[in-house]
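I have placed the structure first, in the form of structure tokens, so that the comments after it can refer back to it.
The values are calculated or read from the model by the stated rules, or taken from the named source; none is laboratory data. This one's a predicted model, so the numbers in the text were calculated from it and none came from an experiment. Heads up, the Cβs are rebuilt from the backbone with ideal geometry, glycines too, and the neighbour counts pull from every protein chain shown.
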Amino acid sequence: MQTSVVPDLAHTHARPVHWLATATAMAAVVAAAGLLQPRAQAASQAGQPRTGTAAAPAPAPDPATARLPLECGGVQSVVTKKASGDLDGDGSPETVAVARCDAGSGTPPSGIFVLTQGDGTVPRVVATLLEPAQKLSVGDFAVRDGVITATLLGYSSPNVPSCCPDEQEKVKWQWQGGKFVRTAQA
């Protein structure tokens, strides 16, 4: 057997003590990484409200499953527009639905309804912003930053055909003092 020119490297042979030291060091690194994770509260995306829980917000109510206060006789009601957002600042989204009776001709009057979802139940109407009895229809419609905006279309007289509204008013609703307050858009 030929002897090595290089001295014996006894320190390169792993012993149980070395494995134990390596395992302890790795456990310390993993524990430190776990402690340095961002808190669930601080991990929300920019622009979204932060809450103290890591639970996902409830989905916005679906107006197709709600009972809307429309009297349509023998025809069905139809949701023509919908938009969702947190309107009252409670962290849960509400849905605003524009709905009308599904008439065969003309422009049937619309209603604007605010829906909420409670404990996984069927969505319920918590506010009526526009009554169908006002005989108005809705043009442009949006929900942004807790504000509902709409263009209301109406008629100057009973002689104006129901297909062709000749008046319009731009309005907005915002949650203030425990209720929705309607104002004119600037």
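Results for (1) over 19 Å from residue 102 (Cβ atoms); (2) exposed (fewer than 14 other Cβ atoms within 10 Å of the Cβ), shown as yes or no for each residue.
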residue	(1), (2)
137	no, no
166	yes, yes
170	yes, yes
173	yes, no
176	yes, yes
179	yes, yes
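Would you kindly identify the strands (runs of 3 or more DSSP E) lying entirely within the range 54-159 that contain at least 1 residues that are without any contact (Cβ under 8 Å) to a residue 24 or more places away in the chain and hydroxyl-bearing (Ser, Thr, Tyr)? First the steps, then the outcome.
Numbers: elements: 77-85, 94-101, 110-116, 124-130, 137-144, 147-154.
Hits in the range 54-159: 147-154.
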Exercise for review: Name, by its number, the condition in (1) modelled with pLDDT of 65 or more; (2) farther than 29 Å from residue 142 by Cα; (3) charged (D, E, K, R) that does not hold for residue 62.
Suggested key: (2)
